[in-house]
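Participant: Structure incoming, see below.
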Amino acid sequence: MKPTQLELLAPARTADIAIEAVDCGADAVYMGAPAFGARAAAGNSVDDIARAAAHAHRFGARIYVTLNTILYDDETARAEALARELYDAGADAFIVQDMAYLRMSLPPIALHASTQCDTRTPGRAAFLEKAGFSQIVLARELTLEEIRAVRAATSVPLEAFVHGALCVSYSGDCHAGFMATGRSANRGECPQMCRLPYRLCDRDGHELAPERHYLSLRDMNRIDLLGDMADAGVSSFKIEGRLKDSAYVRSTVAAYSTALDRLVAASGGKYIRASFGHSEAGFVPHLDKVFNRGYTSYFLGTPRRAPGLIASLASPKNTGIAVGTVISCRGRNITAKLRTELHNGDGLGYFDSENRFTGFRLNKAEGSRLYAASDISPTPGTTIYRNSDKAYADAVDNAVPHRTIGLHMTLREIKTGRIALEISDERGNMVEKCAEIPHDRAQSPQTEARRRILGRLGGSIYRLDSLDDRLADRFVPASALTALRRECITLLDSAQCARHSYDRRRPCALSTDALKGVSTSYHDNIANSIAKEFYRSAGATVAELAAEVQRPDGEMRVMTTRYCLRRELGACLRTSSASKLPSPLYLCAKGLRYRLDFDCTACEMHVITAK
């Protein structure tokens, strides 16, 4: 049986970070285009994407470009032209949300259904496959059983998030930002309404609980569940973070690449990696030392009704790990009982008397005496957290990640008396170069000397794994061997460039009644005439357009989430503790009031704009 390829998919804000991600072990990288990406602040030029693709393709790794905003009518022509430029630059696939791309005149490049497509059911996934998508990003909220059901209904690769920030709403179905500020997540401008502090109130506005970050979730971490996900049908493991810095990407990619390598090694041939080469990050990755809001495996491995396991109520910031307790504080000087050694330059923090997280930089640490870079006022007994480890950050920053391709070389004579150097690599390439060399006998053994010369591959992506030297005692000048090695390496690079395989666009197989009886709403995010025609051609009635185009009147469901605030606070309506909180519940902030409706049958929470 053919082994399943497992892909570690890394984020990249820039081409340089994309290259580092590949060097640390990523099988694919997703990065933003100059426009139309769901992270407007993470766009890249076409030339930068071409540079990242050229590097990735040397290892059989891929570059996916995000074009996953919804498009307005006056943008579709520009999006189509940009897609052609990106195709010529070497992009391997486009990650899209807007169905208009399925009707555009595009090059034969693969289209991946973005997480913004909100794929949470087998029916939705099957529809997207028939529509022409080559890979489908699943909703973060799915359980292993639900992933298996999607796998049974589809044949294209399934992609799922394994690490990073969590949207509280189903992706693609959050309208809170647009309705409150005019900045739309579907347009790459999410204002992160979920990270704001809110008061929990009853119908009459009476405060039930103090101001906290009731919609802010912890970050995802599924590094111990990769095998379960692979067995359920996931083949692309996605790290969130296109706005994150190089240190975050290096750390997460190195950690997950090592974990995937272990999974592949233990699979008995069931799984292989989707790209080639051996990566050395140059440091030992620690996921607890990179930005995180505390970790959760989310619904993949979290009991549905267990309280207190999903949200980061106290702060939406990276609060870090508890490292000690304050004994006393005077100005900028703290005496503390510490659990671990601290370093000059560490980032520390604490929760003040109003439960707000206050961060500060550590100028100097002398045992239990800490000297802050700014005035602080933690009281005795306050827990101190470290959210930036200077020693670890330096180790990551100073490392030089390196990825190499193993080579097997054969050095032999050919019939005419010439010699030939043949090189094959783990990517499946083989090249050969011949040279005219005088047939002289060596005065001493030559095997080790020839191995040293042929193995001088520093500065390249190659390493010599084995040499079959059949020249016996024939003397070959070092300059001739060096020239043969260089010429073969150039040929090898050219061969890999020519042999890089691209996944091509799948044809649309939708019938004209695939959506018969379906009436679209603003949740379908239809924002242009091409997308309207796509839905109509599949039998749907286009009743509503996207909220960004046709703003709804009155109350509006701005979020749908599998996260349930009642459950998180230990007041699930399906348990005896429901009476802890009244119904209905409201989240209130300056200028904002949301009613929370609970659908216990679907185990979902709806966030509704309320007067």
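The values are calculated or read from the model by the stated rules, or taken from the named source; none is laboratory data. All of these numbers come straight from a predicted model, not from anything done at the bench. Cβ coordinates were reconstructed from backbone atoms using ideal geometry, including for glycine residues, and neighbour counts include every protein chain displayed. Heavy atoms of the whole protein, side chains included, go into the accessibility calculation; ligands, DNA and RNA do not. Shrake-Rupley method; radii C 1.70, N 1.55, O 1.52, S 1.80 Å.
Participant: How far apart, in nm, are two points set 7 Å out from the Cα along the Cα-to-Cβ line at SER583 and at GLN192?
Facilitator: The two pseudo-label positions are separated by 3.4 nm.
Participant: On average, how much accessible surface per residue is there in the chain, in Å², for a 1.4 Å probe, leaving out ligands, DNA and RNA?
Facilitator: 42 Å²
Participant: How far, in nm, would the chain grow between ASP440 and LEU573 when pulled straight, counting 0.36 nm per residue and subtracting the alpha carbon separation? Mind showing how you got there, number by number?
Facilitator: Details: separation 133, 0.36 × 133 = 47.88 nm, distance 8.98 nm.
The span from ASP440 to LEU573 would gain 38.9 nm if fully extended.
Participant: Determine the share of the chain's accessible area contributed by carbon and sulfur atoms, expressed in whole percent, with a 1.4 angstrom probe. Display every interim value, and only then the final one.
Facilitator: Working: 12540 of 25840 Å².
In the chain, the share of accessible area belonging to carbon and sulfur is 49 percent.
Participant: With a ≥ b ≥ c taken as the square roots of the eigenvalues of the C-alpha gyration tensor of the stretch 237-322, please select rounded if a/c is under 1.5 and otherwise prolate if a/b is larger than b/c or oblate if it is not? Show your work: numbers first, answer last.
Facilitator: On the way: a/c = 2.61, a/b = 1.44, b/c = 1.82.
It comes out oblate by the Cα gyration axes.
Participant: Per-residue counts of other Cβ atoms within 10 Å, averaged by peptide: what ranking do you get for 173-183, 106-116, 485-495, highest first?
Facilitator: Numbers: 173-183: 19.5, 106-116: 21.5, 485-495: 16.9.
Going by the mean number of other Cβ atoms within 10 Å, highest first, we get 106-116, 173-183, 485-495.
Participant: Same structure, new question: Using the Cα centre of the chain as origin and beta-carbon charges of +1 (Lys, Arg) and -1 (Asp, Glu), tell me which of GLY205, GLY25, ALA15 is placed farthest towards the positive end of the dipole.
Facilitator: GLY205
Participant: Charges on Cβ only, +1 for Lys and Arg, -1 for Asp and Glu, centred on the Cα centroid of the chain; of ALA578, SER494, GLY177, which one is farthest towards the dipole's positive end?
Facilitator: The listed residue farthest towards the positive side: ALA578.
Participant: May I ask you to list the lysines whose Cα is less than 18 Å away from that of LYS433, ignoring any residue fewer than eight positions away on the same chain?
Facilitator: Excluding near neighbours in sequence, the set is LYS415.
Participant: Does the chain come out rounded, prolate or oblate, given a ≥ b ≥ c as the square roots of the eigenvalues of its C-alpha gyration tensor, rounded meaning a/c under 1.5 and, failing that, prolate meaning a/b above b/c? Each step should come with its number before you reach the end.
Facilitator: Details: a/c = 2.48, a/b = 1.42, b/c = 1.75.
In terms of gyration-tensor shape, oblate.
Participant: How large is the charge dipole for the stretch 289-420, taken about the Cα centre, if only the Cβ atoms of Lys, Arg (+1) and Asp, Glu (-1) carry charge, to the nearest 20 debye? Don't skip to the end; give the middle numbers.
Facilitator: Numbers: 19 positive and 10 negative charges, 90 e Å.
Using only the charged Cβ atoms, the result is roughly 440 debye.
Participant: Straight-line reach from LYS532: which lysines fall under 20 Å, measuring Cα to Cα and dropping same-chain residues less than 8 apart?
Facilitator: Straight-distance partners of LYS532: LYS130, LYS516.
Participant: Let me ask another. Can you pull the one-decimal nm distance between simple spin-label points at TYR371 and LEU592, each 7 Å off the Cα toward Cβ?
Facilitator: 4.2 nm
Participant: Let me know the charge dipole size of the chain about its Cα centre in debye, to the nearest 20, where only the beta-carbon of Lys, Arg (+1) and Asp, Glu (-1) is charged. Please report the intermediate quantities before stating the final value.
Facilitator: Numbers: 79 positive and 71 negative charges, 183 e Å.
So the dipole magnitude of the chain works out to roughly 880 debye.
Participant: Continuing with this model, one more query. Rounded to the nearest 500, what is the 222 nm mean residue ellipticity of the chain from helices alone, with -39500 (n - 2.57) per DSSP H run of 4+ residues and division by all residues?
Facilitator: Working: 13 runs with 140 residues, N = 611.
Helix contribution divided over all residues of the chain: -7000 deg cm²/dmol.
Participant: Which value, in debye to the nearest 20, gives the size of the charge dipole of the stretch 423-549 about its Cα centre, when Lys and Arg are +1 and Asp and Glu are -1 at the Cβ? Working shown, then result.
Facilitator: Values: 19 positive and 18 negative charges, 57 e Å.
So the magnitude is around 280 debye.
Participant: Further question: Can you sort LEU71, LEU243 by 1.4 Å-probe accessible area, starting with the largest? Could you put the intermediate results ahead of the total?
Facilitator: Numbers: LEU71 0, LEU243 95 Å².
The most accessible residue leads, giving LEU243, LEU71.
Participant: Could I ask something else about it? Among ALA546, ALA449, TYR298, which residue has its Cα positioned farthest towards the positive end of the charge dipole of the chain, with +1 placed on the Cβ of Lys and Arg, -1 on the Cβ of Asp and Glu, and the dipole taken about the Cα centre?
Facilitator: TYR298
Participant: Assuming R0 = 30 Å, what is the FRET efficiency of ILE608 and ASP513, from their Cβ-Cβ distance, to the nearest 0.05?
Facilitator: On the way: r = 33 Å, r/R0 = 1.11.
Once the sixth-power term is evaluated, E becomes 0.35.
Participant: Specify the inter-centroid distance of the stretch 458-534 and the stretch 28-95, based on alpha-carbon positions, in whole Å.
Facilitator: Cα centroid to Cα centroid, the span is 16 Å.
Participant: Still on this model: Working out 0.36 nm times the residue gap between ASP468 and ASP553, then minus their Cα-Cα distance, what length gain in nm do you get to one decimal? Write out the running numbers ahead of the final one.
Facilitator: On the way: separation 85, 0.36 × 85 = 30.60 nm, distance 7.59 nm.
Computed gain between ASP468 and ASP553 is 23.0 nm.
Participant: Any aspartates and glutamates with Cα under 15 Å of the LYS364 Cα? List them, leaving off those in the same chain fewer than 8 positions away.
Facilitator: Straight-distance partners of LYS364: GLU341, ASP346, ASP375, ASP389.
Participant: Using a cut-off of under 20 Å, list every residue of the stretch 453-475 whose amide N is near the label point 7 Å from the Cα of ARG486 along the Cα-to-beta-carbon line.
Facilitator: 453-464
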